[in-house]
Amino acid sequence: MKAIASLIIPNIGLWLVFAAAIFGWVRRGRASRNRALIAAIGILLVLSFPAGPRLAADIWRLPVPETPWAPAGVGTAVFVFGGGIDTDGYAHFWPSEASMRRVSVGRMIAAESGVPLLVSGGPTSGAGPTEAKVIADMLATENFDVLRDDTALNTWDNAVAARAALDRYGWTSVYAVTDAIHGRRAVACLRALGVPVAGFRAPRRESGVTAEDFIPSVRGLAHWGVVGYEIVASVVYLMKGRIELSDLHG
């Protein structure tokens, strides 16, 4: 019952818009002057199927190589791209959901392989702490050592920090950890700066499309925003000359 409610309630408004548009189209006929509006509604309907962005995300996300964790002492480190922080407005900060996903995987890799862990993320607001500090403080409660980069303000800055870390600590490669959909652009930046990526791990949901993915929903529209952002951001990086097409190749 709860699953059905979560599917229906958020989408009632969207379905009413579709129903009203279809009713108006049928009532006025195909020769209606509202062809442009009907076409727009039709495009919106197609985009609202979650199957579309899910398939696009499966194609875009960087394949994850099944690379064994490196043993300690071979010059590899785990590099986590910060994913933001949250606050309650009373000077209490904690890692965002994205940061939690990323650092959880990074911590697991570092613990199992015995290599250093570096978290990268600068300030997200003028007066607040950096992403890296908030994440590191959380890991400190678990008695887990972590290195920090507190300067990065975007994905390119993260990659620059990784390059600097290799030069500073004498590392030879990194395991780059971020969300799967962000991975292609993140790893491309590392490659463009000559950072060898020994392995790449990120949480990924199960592949495949279910029947629910063919039901128009707000979720389907929202997911296009995530995929679209990464594709547009990659194009911008290409135009700026930061990366090349070969860097984006999986």
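The values are calculated or read from the model by the stated rules, or taken from the named source; none is laboratory data. Not measured: the values here are computed from a predicted model. Ligands, DNA and RNA are excluded from the accessible area calculation, which covers all protein heavy atoms including side chains. Shrake-Rupley method; radii C 1.70, N 1.55, O 1.52, S 1.80 Å.
In terms of the ratio Rg/(2.2 N^0.38 Å) built on C-alpha atoms, what value belongs to the range 131-250?
Working: Rg = 16.9 Å, N = 120, 2.2 N^0.38 = 13.6 Å.
Normalised Rg, Cα atoms only: 1.24.
Probe 1.4 Å, all protein chains in place: accessible area of PHE200 in Å², nearest 10?
10 Å²
Just the accessible area for THR151, please: 1.4 Å probe, Å², rounded to the nearest 10?
100 Å²
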